[in-house]
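Here's the structure, in structure tokens; my notes come after.
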């Protein structure tokens, strides 16, 4: 082989190697890059298993509800929807969540609407739907519940290092699941007042 051919082959090998490294580290945003490894979330209350997405932002319940309303009212078949279930996961102390799930009914359909940073997904709700409708002014915000009950939620965690793993709203009650050092503890609050239900 000529020396120039060997040089060209070495340069090509280096370029291919660098492109490969950039591809797998994400330095180059290839359209067909494999998706990041995802985990599944098994949820109760009839929620189906859906892929989790990487948390990139937190959203308030009000902002998510506004988007839900706009989305459903834009389509005639779902414009007259009723809300029966809300779940937020991985919440911060201000009540903002990485993911929101809404159980809604319209027509003869029951649907779970999943909202997080990438956008919306929906699946048919196969589980039992809570009968009581969630009306906009019938509950206090998650931030008020959390702040009003911080002494209870963080009684053994003054540094507030515990994670609010989940907050469910249905049938007039908030259920908050805290996680500390791998252990979970659940608290139930009146949705209208935010007061602890013993």
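The values are calculated or read from the model by the stated rules, or taken from the named source; none is laboratory data. This structure is a prediction, so every number in the text was calculated from the model and none was measured. Using ideal geometry, Cβ is built from the backbone for each residue, glycine included, and neighbour counts are taken over all protein chains shown.
If you go through the range 141-150, how many residues are part of a loop (DSSP other than H, G, I, E, B) and either buried (at least 17 other Cβ atoms within 10 Å of the Cβ) or modelled with pLDDT under 90 (or both)?
First, pick out the residues of the range 141-150 that are part of a loop (DSSP other than H, G, I, E, B): 141, 149.
With the extra rule that they be either buried (at least 17 other Cβ atoms within 10 Å of the Cβ) or modelled with pLDDT under 90 (or both), the set shrinks to 149.
Going through the range 141-150 one residue at a time, the tally reaches 1.
Could you pull out the residue among 137, 168 that is closer than 23 Å to residue 104 by Cβ and part of a strand (DSSP E or B)?
Working: 137 fails: part of a strand (DSSP E or B).
None of the other options fit; the residue is 168.
Residue by residue, here is whether (1) under 17 Å from residue 62 (Cβ atoms); (2) in a strand (DSSP E or B) holds:
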site	(1), (2)
105	no, yes
132	no, no
152	no, no
155	no, no
174	yes, yes
179	no, yes
188	no, yes
192	yes, no
198	no, no
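Look through 178, 167 and report the one residue that is surrounded by 13 or more Cβ atoms within 10 Å (Cβ to Cβ) and either over 20 Å from the mean Cα position of the chain (by Cα) or farther than 19 Å from residue 64 by Cβ (or both). Don't jump to the end; show me each part of the working.
On the way: 167 fails: either over 20 Å from the mean Cα position of the chain (by Cα) or farther than 19 Å from residue 64 by Cβ (or both).
Testing whether each residue is surrounded by 13 or more Cβ atoms within 10 Å (Cβ to Cβ) and either over 20 Å from the mean Cα position of the chain (by Cα) or farther than 19 Å from residue 64 by Cβ (or both) leaves just 178.
When the residues of the range 113-130 are narrowed to those that are in a strand (DSSP E or B) and modelled with pLDDT under 90, which ends up surrounded by the fewest Cβ atoms within 10 Å (Cβ to Cβ)?
119
Among the residues of the range 65-103, write down those that are part of a loop (DSSP other than H, G, I, E, B) and surrounded by fewer than 18 Cβ atoms within 10 Å (Cβ to Cβ). Walk me through how you get there before you give the answer.
Our first condition is that a residue be part of a loop (DSSP other than H, G, I, E, B); within the range 65-103, this holds for 74-75, 79-81, 92-96.
Matches in the range 65-103: 74, 75, 79, 80, 92, 93, 94.
Taking the range 66-112 on its own, how many of its residues are out of contact with any strand residue (DSSP E or B) (no Cβ under 6 Å at 6 or more places or on another chain) and within 18 Å of residue 127 (Cα to Cα)?
Counting residues in the range 66-112 that are out of contact with any strand residue (DSSP E or B) (no Cβ under 6 Å at 6 or more places or on another chain) and within 18 Å of residue 127 (Cα to Cα) gives 5.
Pick from 138, 156: which is at negative phi, loosely packed, with under 14 Cβ neighbours inside 10 Å, out of contact with any helix residue (DSSP H, G or I) (no Cβ under 6 Å at 6 or more places or on another chain) and modelled with pLDDT of 90 or more?
Answer to the selection: 138.
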